[in-house]
Structure formats: C-alpha cells, structure tokens
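> Mind having a look at this structure? Questions to follow.
The values are calculated or read from the model by the stated rules, or taken from the named source; none is laboratory data. The structure presented is a predicted model; accordingly, all values stated were derived computationally and were not measured. Don't worry about glycine lacking a Cβ; one is built from the backbone with ideal geometry, like all the others, and counts go over all protein chains shown. Calculation scope for accessible area: heavy atoms of the full protein, side chains included, ligands and nucleic acids excluded. Shrake-Rupley method; radii C 1.70, N 1.55, O 1.52, S 1.80 Å.
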Amino acid sequence: SDDTDGLIELYERELPPGMIGADPHLHLTTTETFYVVQGQPAILCGDNEQQYAPGSIVVVPPNTVHAYGNPTGEPAKVLISFTPALG
C-alpha cells in the first residue's frame, strides 16, 4: 500500500489442503478481490459460496460478508487485493 499511496494492497496467499484462509467477516469501506492462481479454493461472497477454478475472479464489495479457504486435498493459491488498501 505504501507504493500506491494507499490506493491498493495486493498479496499472494498459499492455502494448504484443508486450510481456512479467513472466517466470515466484512470490510466497511474496502473492496476485496480474489484471483485464483492454483487449486480450487472455496470463497463465500454474501449468500453464495462455491469453489473456483484457476483464472476465476471474485469481487467482494464493501459491507459484504465473505470468507475463503481450501476444502480440497490439493494446495491452492490466490492473489488478494484490497481497494483502498487496508494498510
């Protein structure tokens, strides 16, 4: 976020088999975006929870309950961005 003056924050998250990435929560002013790089992580966005394949993008608007994890037996990897950055 320092490189973008707080406009965006981006990181890569590896999820071993069976790992919970984050329990259900929400952000009041931040849009969170997931890009699936590897595996088939499960992502909850509002009332919709499903597994996503590599190349999928899930956009979570502010004030939307969301969570993610890897319920499979294979590793998963996602890129996660926050706009504006959480810091």
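> Under a Cβ-only charge scheme (Lys and Arg +1, Asp and Glu -1), can you give me the dipole magnitude of the chain about the Cα centre, in debye to the nearest 20?
I would put it at about 220 debye.
> Can you give me the distance in nm between label points at Gln50 and His27, each placed 7 Å from the Cα along the Cα-to-Cβ direction?
2.3
> Still on this structure, please answer the following. How high is the relative contact order of the chain, in percent, counting Cα pairs under 8 Å that sit 6 or more residues apart?
Computed value for the chain: 47 percent relative contact order.
> Rolling a 1.4 Å sphere over the protein heavy atoms, what is the accessible area per residue of the chain, to the nearest Å²?
Ligands and nucleic acids excluded, the result is 57 Å² per residue.
> Now for a separate question. Describe numerically, in nm with one decimal, the distance between label points set 7 Å from Cα along Cα→Cβ at Val65 and at Asp5.
3.7
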